[in-house]
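Engineer: The structure follows.
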Amino acid sequence: MKSARYAGRRPLRIFGLANAAILRCIIRSAVTDHAKTHPGVRGLVLLLSTVVALGAAVGCAGAPGAGGGLKVKKIAAVAQPPANVAAYFTVYTKEGKPVPDLDTPNFKIYENNKLIAEKKAKRQLLETKPVEAELVLVLLDVSGPYVDGEDFPDIVTAIGKLTTTVNKVGQGAIGVFDGEDEIVPMLGFGAPNEKAALDAIRHFRPRNRNGNLNGAIVQGVAAVEKQLDAATLPFRYGTLVIVTDRGDLAKKVTADVVKKKVADSVVDVQIVAIGPKTNRLELEPLASPGGLFISPEPKDFSKGLAGVAKKIDDVANARYLFSYCTNKREGNHTLTLVIENSEDHGRLIYKFNADGFRNGCSAKHRPLFEKASREKKEKESESE
């Protein structure tokens with residue numbers, strides 16, 4: 001039987017009040033404690049628990065988009081006259097997988113915790129290519145036995161296809177290495193005459209069969225870093241792809257030196273290792289986390305290179321540039337950009353100043369970002 005103290009209360013009214021996140025948290029705590037000594041309110045506790053569960057995505061702090069599992073990392077954000085606010089960021093799942101193909105309806109704008117209707121604030125997802133440089137260097141080991149095999153010409157062709165794919169969104173380059181000290185450039189970043197370079201690789205004969213894999217990785221990372229520093233666009237991303245059929249034989253550079261170089265660099269190192277002489281225990285520590293494709297079957301080179309191409313594409317498509325026109329004309333404000341897909345949500349928070357803002361804003365206007373410094377990537381996390 002219900003307690004007389006709660007007779008006549010309207011559950012729907014309580015349900016309505018509970019829409020406020022802070023009130024949910026207060027009621028949940030207070031009523032649960034009260035229920036311990038007043039059994040008659042246990043039904044009310046059950047109702048409120050349901051409300052809390054339904055509203056969990058909002059979070060007890062009451063801020064829009066709190067409590068989501070999507071990892072949204074703010075790379076940069078700007079607020080510029082006449083009234084443009086823009087954010088450049090990445091979106092990953094809680095498991096660390098890229099979230100590509102989001103569109104404008106997946107984003108909601110809150111200013112000072114108040115939802116801004118689309119008709120009150122023009123918004124646009126902009127192309128990221130004009131603000132970022134994507135650089136990929138492929139180094140092919142030409143010292144191993146697969147150079148003499150029937151699959152080698154096809155491996156070279158597959159590398160050419162990877163470079164062509166990269167050149168659609170950035171710049172690709174190709175080099176080879178054997179047992180000598182230095183890698184041999186065959187095609188510069190974004191250079192023409194790709195066909196001539198690939199033909200030269202097919203006819204390249206190794207000068208030393210004791211492959212300098214470790215030295216090639218260190219030199220390759222340094223070459224990509226140098227290109228990143230020379231790029232003028234504000235955001236730069238580099239990948240080194242190594243194709244080999246065995247481990248290091250030259251013993252000119254230690255594995256520890258390679259590990260430190262890879263760990264300290266912003267360059268993502270991907271290794272495609274094929275053939276019966278490849279060893280996971282030896283090669284995996286030389287790549288970036290999750291960056292090793294290995295197979296005892298030489299013909300799996302196409303699968304490995306296709307996987308690298310997909311990974312580069314997915315990571316690029318998980319980067320977004322969102323722009324909108326604010327109606328604020330002075331003072332300090334807080335943007336909360338809530339990102340939602342069919343499975344989860346996350347948020348980005350950016351505090352900006354609107355002094356001097358005026359009419360005449362276009363959300364399609366490309367924001368001006370300062371050139372970001374090259375530094376080791378941090379773990380993806382929610383941007384507050």
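Read the figures in this text as sums done on the coordinates, not as results from a lab. Fair warning: this is a prediction, and the values are worked out from it, not measured in the lab. With ideal geometry, Cβ positions are generated from the backbone for all residues, glycine too; neighbour counts draw on all protein chains shown.
Engineer: All but one of (1) assigned to a helix (DSSP H, G or I); (2) under 20 Å from the mean Cα position of the chain (by Cα) hold for LYS119; which doesn't?
Structural biologist: (2)
Engineer: Restricting attention to the range 153-174, and to residues there that are in a helix (DSSP H, G or I) and without any contact (Cβ under 8 Å) to a residue 40 or more places away in the chain, which single residue is nearest to ARG236 (Cα to Cα)?
Structural biologist: Restricting to residues being in a helix (DSSP H, G or I) and without any contact (Cβ under 8 Å) to a residue 40 or more places away in the chain, the top hit is ASN167.
Engineer: Filter the range 82-116 down to the residues that are hydroxyl-bearing (Ser, Thr, Tyr), over 15 Å from the mean Cα position of the chain (by Cα) and within 20 Å of LYS351 (Cβ to Cβ) and list them by number.
Structural biologist: TYR110
Engineer: Within the range 278-301, identify whether any single residue is closer than 17 Å to ASP154 by Cα, surrounded by fewer than 20 Cβ atoms within 10 Å (Cβ to Cβ) and polar (S, T, N, Q), and answer yes or no.
Structural biologist: So far as the range 278-301 goes, yes, one or more of its residues are closer than 17 Å to ASP154 by Cα, surrounded by fewer than 20 Cβ atoms within 10 Å (Cβ to Cβ) and polar (S, T, N, Q).
Engineer: Hey, among the residues in the range 326-365 that are of a type in the set (Gly, Ala, Ser) and closer than 17 Å to LEU125 by Cβ, which one's farthest from the chain's Cα centre (by Cα)?
Structural biologist: In the first step, residues of the range 326-365 are kept if they are of a type in the set (Gly, Ala, Ser); the result is 331, 342, 346, 354, 356, 360, 362-363.
So of that shortlist, the ones also closer than 17 Å to LEU125 by Cβ come out as 346, 362-363.
Numbers: GLY346: 14, SER362: 27, ALA363: 24 Å.
Top of the filtered list is SER362.
Engineer: Right, next: When you look at THR336, is it under 25 Å from ILE155 (Cβ atoms), out of contact with any Leu (no Cβ under 7 Å at 6 or more places or on another chain) and crowded, with 18+ Cβ neighbours inside 10 Å, yes or no?
Structural biologist: It is false that THR336 is under 25 Å from ILE155 (Cβ atoms), out of contact with any Leu (no Cβ under 7 Å at 6 or more places or on another chain) and crowded, with 18+ Cβ neighbours inside 10 Å.
Engineer: Would a scan of the range 223-234 turn up a residue that is in contact with a Leu (Cβ under 8 Å, 6 or more places away or on another chain) and over 30 Å from LYS371 (Cα atoms)?
Structural biologist: Looking through the range 223-234, none of the residues is in contact with a Leu (Cβ under 8 Å, 6 or more places away or on another chain) and over 30 Å from LYS371 (Cα atoms).
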